[in-house]
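See structure below.
The values are calculated or read from the model by the stated rules, or taken from the named source; none is laboratory data. Computed from a predicted structure; not experimentally measured. Here the Cβ positions follow ideal geometry from the backbone for every residue, glycine too, while neighbour counts run over all protein chains shown. Surface areas here come from the heavy atoms of the whole protein model, side chains and all, with no ligands, DNA or RNA. Shrake-Rupley method; radii C 1.70, N 1.55, O 1.52, S 1.80 Å.
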Amino acid sequence: MASSGSGYDLSSSTFSPDGRIFQVEYASRAVESSGAALGLRCADGIVLCVEKPMNKKMMVTKNTPAGRRIYAVDGKTGLALAGYPGDGRQVANRAREEAANYLETYGSEIPPDVLAARLSAYVHYFTLHGALRPFGCTALLAGYDAATQRHSLHMVEPSGSCFEYYAAAAGRGRQPARTEMEKLAVNPTRAAAAAASGGAGGVGGEEGMERGQQLISVAEGVRQLAKIVYTIRDSGGNGGSGASKDGPFEIEMSWLCEKTGWKHVGVPKDVMEEAVEWAKREIEAEGEEEDEDDDEEDGMEE
């Protein structure tokens, strides 16, 4: 049957009768089974966050290319990847080549939207030929355009599609992560509308109202992304300890913002540690509040 992919999933150049390309869908499923990659565009910059599962206890991931999920493309552009690490390295290398070629040809750094378009065209090429296979990775591209003085966040998917986002998520738990990021004040249009109507749609509801629906900063973005990662991982109810049923993991973060002169650099270790501790406390406090609410409901039923 066409819906199962039988006979139509042997090549990425073959459409099924209902218009599907199963090899591209399989590549997307490979991304969904990997660690999450999150991107958040804030008022003063962009934060990238990647969840790195520790599949083997004896594996060394720090300061090694194999353990890396976030790459620097050029001075003002960074790339976060979800999916197969090997495929991600090839996409990152291609992004660096495109940036270097643009600099050599035009004498200026490549704008983020141009780099995203070129990278998506490269990824899409691998879905057109039967001798190739689609990339099993999704790339989040954060960059700053010095000409327009504007920072932007793009996501390139295995199909070659590319869009700009205020907040983006890929990998395992992407849907709950997107739901949580939609609650944050990162969309200027929605934040302005909520402030005008007196809504509570910003960071933490009432806290967002007190801030007058101002867009969050990268410092707040680091804390919120850490909380989101621990929330989607903490399905076992262990207070965000990182030892969920999915196994241990590490968090890798980077940012480019006004504070760094719009250079893409890693988030300082002390800032990350503070964000993780804050995230664990918030998750634990929210869990206690839910338990109290459940106890009150049980008491009312009795």
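Please state which of the following conditions Ile232 fails to meet, knowing it meets all the rest: (1) modelled with pLDDT under 90; (2) β-branched (Val, Ile, Thr); (3) surrounded by fewer than 20 Cβ atoms within 10 Å (Cβ to Cβ). Result: Ile232 passes all but (3). Screening Glu51 against (1) open to solvent by less than 20 Å² (accessible area, probe 1.4 Å); (2) farther than 19 Å from Gly247 by Cβ leaves a single unmet condition, (2). Of all positions in the stretch 24-36, at least one carries a residue that is over 28 Å from Asp234 (Cα atoms) and open to solvent by less than 50 Å² (accessible area, probe 1.4 Å).
Within the stretch 162-179, the set of residues being modelled with pLDDT of 95 or more and more than 14 Å from Gly45 (Cα to Cα) comprises Cys162, Phe163, Glu164, Ala168, Ala169, Ala170. Scanning the stretch 84-130 for residues being in contact (Cβ under 8 Å) with a residue 60 or more places away in the chain, assigned to a helix (DSSP H, G or I) and open to solvent by 50 Å² or more (accessible area, probe 1.4 Å) gives a total of 0.
Regarding the stretch 58-76, can at least one residue be identified that is open to solvent by less than 10 Å² (accessible area, probe 1.4 Å) and either under 23 Å from Gln224 (Cβ atoms) or β-branched (Val, Ile, Thr) (or both)? The answer is no; no qualifying residue exists.
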